[in-house]
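The values are calculated or read from the model by the stated rules, or taken from the named source; none is laboratory data. No experiment lies behind these values; they were computed from the predicted model shown. Heads up, the Cβs are rebuilt from the backbone with ideal geometry, glycines too, and the neighbour counts pull from every protein chain shown. For accessibility, only protein heavy atoms count, side chains too; no ligands or nucleic acids. Shrake-Rupley method; radii C 1.70, N 1.55, O 1.52, S 1.80 Å.
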Amino acid sequence: MTTVEERNYKVIGTRPIRHDGADKVTGRAIYGIDFHLTGELWGKILRSPHAHANIVRIDTSKAEALPGVRAVITGRDLPVAADMEIDDGETSLNTMHLSNNVMAHRKALYRGHAVAAVAADNQHIAEDALALIEVEYEVLPPVLIGRDAMKPDAPLLHPEQTTKTMAYRFDPGTDTGDKSNVAGRTEMRLGDVDEGFKNADVIVEREFTTNWVHQGYIEAQNATVLWNNDDSIQVWNSSQGTFNQRQLMAEILKHPVSKIRITPQEIGGGFGGKIPVYLEVPAAVLSKKSGRPVKMMMTRAEVFEGTGPASGSQMVCKMGATRDGKITAAYAELVFEAGAFPGSAVGAGAQGMFTTYNIENVLIHAYDVVVNKPKSAAYRSPGTPQTCYAAESVVDELAKKLGIDPLEFRIKNAAREGDRRADGVQHPIMGNTECMEALKATDHYKSDLGGPNRGRGVASGYWGNAGMPASCAVSINPDGTVSLAEGSPDIGGSRVSLAMMTAESFGIPAEDVIPSIKDTDSIGYNGLTAGSSTTLRNGVAIAQVAKQAVDLMRARAARLWETDVDNVDFADGVFFSKAESELKLTFKEMAGKLMETGGPISTAASVAPRGAGPSFSTHMVDVEVDPETGKVEVLKYTAAQDVGVAIHPSYVEGQVQGGAAQGIGWALNEEYFYDGDGRMVNSSYLDYRMPTSLDLPDIDAILVQVPNPDHPFGVRGVAEISIVPPLGALANAIEAAVGVRMQELPMAPHKIVKALWDKESESNGAG
Amino acid sequence: MRPIEYVAPTTVEEAVAALVEKGEAARPLAGGTDILVQLRGGRRAVDRIVDVKKIPELNELSYDPQSGLRVGAAVPCHRIYEDDAIAEAYPGLMDAATLIGGIQIQGRASLGGNLCNAAPSGDSIPALIAHNAIAEVAGPGGRRDVPVEDFCTAPGRTVLGPGEFLVAMRMPAPPANFGASYLRFIPRNEMDIAVAGAGASVVMDGDTVTECRVALASVAPTPVFAEEAGAALVGKAPSDEAIAEAAQAARAAAKPISDMRGTAEYRTHLVGVLTTRALRNAIQRAKEA
Ligand SMILES: Cc1cc2nc3c(=O)[nH]c(=O)nc-3n(C[C@H](O)[C@H](O)[C@H](O)COP(=O)(O)OP(=O)(O)OC[C@H]3O[C@@H](n4cnc5c(N)ncnc54)[C@H](O)[C@@H]3O)c2cc1C
């Protein structure tokens, strides 16, 4: 495998200004809410005030009679969707559930569940109209916690739901036939855990709880939809995957996919939360009913209560190791709250849980459980931050019990190329130990903590990354620039990364590539801007379109030089004749001669790459805990991550830092705070408590580059893994600082004080 | 949509008339950082907003080392902490004014608005109480004075009667060897509502505390003037034991609830911690004064 240095890239690895930078810093970029159509109406959604209720009756007549109201809809206005599986790439869903989630049919399954929608001449009339809709609810007892929902006498969200079980990864699964809130049960088994625990000298078993958290993107969901007279539907929205959303809309609306066009606008963050459709469907139906375009945008409270946060979980984790520090067995029971409909990320969480380590005996039982909370959605490495928090806490305790430095213990047990994951898959070339070694070499690792009540924690993480299809097209402009058409909404700087790979291929500067993101009618199929796959998969497509274009241009040079195309080569941005060394044309010169040598050149390619290249990362953090208030100050943070090849290092660093920041929030303060009736009481940014800039230290990102051998530019996904290690790293640092093992997230100040009190009364009792 | 009328009187008399005319449906506006948020969030409905910022007296800020400080009810926080003389003489007030919201909020938010909003968590109120502040109220019946500790009556409720509004707050000039401090606890470092807060002021004579006032935020339906906590220190040297006694008295004065911001048990604990720290801070400042 060639290293990054050996590749001698000219553009890749540099830090050009992003192509969309000027528009964004001057406020000219067009986000969904900035897009307008003539005659546009405002839509608003009426949401259930109850966590669990039968919808007995909805009377919309008063709202319809209000002047300025143009349409009112309820769940009845959606074609009853067939109960069939469709694949949205990240989590499994089914159409009936999708339809019921965007607009409740007979039951409200969580507080904030949409039950009706209105389109009116303006937002104020729409709001007034909502107040005129009469809904009669039969309130049912809610079930809010996964373990409670699993009990035989728990209220059932979906009375007909039965448990599907899968015994191993490729098992088609069976249906128990038992009516239950447990939608799915999976087992992952490698070796023999009983035997593994027998061989262990130390065993640690702990229970862990994590709370629901939101992605916290700044731009709320919004959509403008026009259902035209010819039954074509056009959508302008904030999307993490237009082709997927087109498919979801087609299924829910029973509408031909080719009659739906989605044009993505600039997006203000998503982190997985903008994969599903929410407003797009009611806006479409309101548009059909009113004959006018309809615009909708959520309030922040609606975003918290009515979109898809990350699951809360209850977990048991048990690991054993020999005296000399070899982990012999790992067991976990994972209960994930899917929310109102099945499909939590528990499977992905199970897959990532022990994967950083080479463990011969692993057993994981994973449960996907419905509760009266919003349907969970993907959030950066879905499922894995929770499970790695549990695993990394136990790994740390093992190391402590054995008297081995936590980083050394991890290096000793680290998975390497060829080792098997719990699901049996072998690890390809990857930089797991490289990250750990890179951290060991830092000044941070060698530094003194510098005061009392301070502690240092490390934690590692794994995320598999996704492949997914991509399509790109290039056209060569006469001035030697290249227009790049792509179909993946740019969330994390992918325009510039894609432009850089294009530039590298043609031997031109990044500024000479003009990237643009197309609607679903104007470019071939693209997967989600998710799974850390955008740069990876588009890089594969770009390598292909560039090769095709270069070959076509070589033929033109051959025509000019009256030689055979095989005599023309291309390197470092120059076409040259292998026969006569003075015959040379730069890419730019050749681009200027296309019209005279046969006309313009453009090429397109669609790809579906495999070999996404897994991500590994280890983080190290220093904290200071105020033992009187329980407040945790994050003092110093270093994250080492295998990034394959960093196309634009600034944006890769940004991904590493961003994930660490979100992980710090998840670990310390963020949570969905519910009252006993299942009402979220902190659905504002003030009370939800994401970290502000004042709560975060400088986050040092160490980019370890182990190129992905299956990728033309060595790219691996870089965007998600960074949120996996922080939860465990913070828990371990807090333990090191004040000696309490925090088994519940968030590790809020009052819980830390409580843990310190408990510890004190324990030691008093013992003494 | 409920239409709202906006009026901006330039005299106290006009303001009183504008308020009287609409009764409960009229509401004063100073910086607007509370009321606009409440109106937009549907937590308050009014027919008329009476912007009091245009009345010159409400924007006056005057300090005299002999007669003390007078803060117009609409003076924004930044004007207070940017005045070096005031910042030095009223350190508890300074602590509060610099931590309300962030820099943008402090450009608008007034201490008057903070007091009249009457949130149990209002950060300036314990500091005002520690500084012995008197609220000057104008209304249809003329003017009257109310000690700040008697101003708030319930969450969001004050002693202000129909047509009455706050004109200014007065604080006596600090005596020699005076120190004050306000501390709050929030899980983040900015943009949060106090889980608990404690303000304290002391006057020292050598190593003896001769006067002491303690007030608390976020641990009862109104800000709490913990008189017993102050009394516990008066006449004593500020030893660890004496301060612990005062902190204990403050804890006894707290009647917190459990909610998303913290449990009652934790809040009571924080009152002890914050009172101790605020007292130490105030004593240190008194020694340096
Ligand atoms: C982002 C943000 C952060 C915040 N952070 C904090 C914080 O850290 N600590 C804190 O304590 N508060 C905080 N607040 C709340 C608010 O900023 C403060 O309470 C502020 O001091 C209110 O002052 P104002 O001038 O903006 O009041 P306004 O909103 O104008 O008025 C507040 C209330 O007082 C009434 N009122 C105003 N003036 C008078 C008067 N002269 N006479 C009678 N009634 C009057 C109004 O009718 C209204 O009910 C925050 C607010 C925001 C938006």
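Data overview
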| read-out | value |
| --- | --- |
| Qualifying GluC sites (Glu not before Pro) in the stretch A:131-165, DSSP loop, other Cβ atoms within 10 Å at most 12 | A:160 |
| The stretch B:10-82: antiparallel DSSP beta bridges as a percent of all, rounded to 5 | 50 |
| For the stretch A:118-125, Karplus couplings with θ = phi - 60° (6.51, -1.76, 1.60), whole Hz, Gly/Pro x | 10, 10, 9, 4, 8, 4, 5, 5 |
| In the stretch A:200-294, GluC sites (Glu not before Pro) in a DSSP loop with at most 11 other beta-carbon atoms within 10 Å | none |
| Average accessible surface area per residue within chain A, 1.4 Å rolling probe, Å² | 36 |
| Residues along the stretch A:739-758 losing 30 Å² or more of accessible surface when the other protein chains are present rather than the chain by itself (probe 1.4 Å) | A:749, A:750, A:757 |
| Residues in the stretch A:607-633 occluded by at least 10 Å² - accessible area, probe radius 1.4 Å, against chain by itself | A:626, A:628, A:629, A:631, A:633 |
| Dipole of the stretch A:262-372 [Lys/Arg +1, Asp/Glu -1 at C-beta], most positive-end residue of A:312, A:363, A:351 | A:312 |
| Å² per residue, accessible surface of the stretch B:59-171 at 1.4 Å | 37 |
| Note, ³J(HN,Hα) from phi for the stretch A:252-257, Karplus 6.51, -1.76, 1.60, rounded to Hz, x at Gly and Pro | 5, 8, 6, 10, x, 4 |
| Backbone HN-Hα couplings from phi across the stretch A:26-39 [Karplus 6.51/-1.76/1.60, Hz, Gly and Pro as x] | 9, x, 8, 4, 9, 8, x, 6, 7, 8, 9, 10, 5, x |
| For residues of A:341-354, the mean tally of beta carbons on other chains within 10 Å | 0 |
| The stretch A:692-736: radius of gyration over Cα atoms, expressed as a fraction of 2.2 N^0.38 Å | 1.59 |
| Neighbouring partner chain Cβ atoms per residue of B:187-194, average, 10 Å criterion | 6 |
| Threshold 40 Å² - residues in the stretch B:1-15 whose accessible area is reduced by that much or more when the chain is no longer isolated, probe 1.4 Å | B:1 |
| Cut-off 9 Å between beta-carbons: net charge of the residues surrounding residue A:325, Lys and Arg +1, Asp and Glu -1 | +1 |
| Reference-scaled alpha-carbon Rg (2.2 N^0.38 Å with N residues) for the stretch B:59-171 | 0.99 |
| Average partner coverage of A:672-680, which counts Cβ from other chains inside 10 Å | 1 |
| Among the listed pairs A:10/A:412; A:151/A:318; A:151/A:274; A:179/A:373, those beyond 29 Å (Cα-Cα) | A:10/A:412; A:151/A:274 |
| The stretch A:220-260: equivalent-ellipsoid semi-axes (sqrt of 5 x gyration tensor eigenvalues, Cα, Å) | 17, 13, 8 |
| Sequence ranges B:37-43, A:24-30, ranked by mean other-Cβ count within 10 angstrom, highest first | B:37-43, A:24-30 |
| Fraction of beta bridges assigned by DSSP in the protein assembly as shown that are antiparallel (%, nearest 5) | 80 |
| Where only alpha carbons of the stretch A:361-403 are counted, the Rg and the Dmax (Å) | 14.5, 44 |
| Long-range HN-HN contacts of residue A:215 with modeled amide H, under 5 Å | A:310 |
| Net charge dipole size for chain A [Lys, Arg +1 and Asp, Glu -1 on Cβ; Debye, nearest 20] | 800 |
| The stretch B:5-51: translational diffusion in µm²/s, Stokes-Einstein, Kirkwood Rh over Cα pairs, 25 °C, 0.890 mPa s | 227 |
| Separation between Cα centres of the stretch B:155-180 and the stretch B:42-111, rounded to whole Å | 12 |
| Long-range HN-HN contacts of residue A:261 with modeled amide H, under 5 Å | A:233, A:234, A:235 |
| Lys, Arg +1 and Asp, Glu -1 on Cβ, resulting dipole of the stretch B:178-288 about Cα centre, debye, nearest 20 | 280 |
| Interface A:B - total buried accessible surface [probe 1.4 Å, Å², rounded to 100] | 2200 |
| Accessible area, probe 1.4 Å, largest first, for residues A:516, A:344 | A:516, A:344 |
| For residue B:236, distant residues with modelled amide H under 5 Å away | B:209 |
| Principal axis dimensions, the protein assembly as shown - Cα atoms, whole angstrom, descending | 101, 76, 70 |
| Percent breakdown of C-alpha pair distances by 10 Å bin, ordered from the shortest bin, for the stretch B:178-288 | 17, 49, 26, 7, 0 |
| Cα-based reach from residue A:759 at 20 Å (exclusive), listing lysines while leaving out same-chain residues under 8 positions away | A:400, A:401, A:631, A:751 |
| Accessible surface of the protein assembly as shown, 1.4 Å probe, proportion on carbon and sulfur as whole % | 50 |
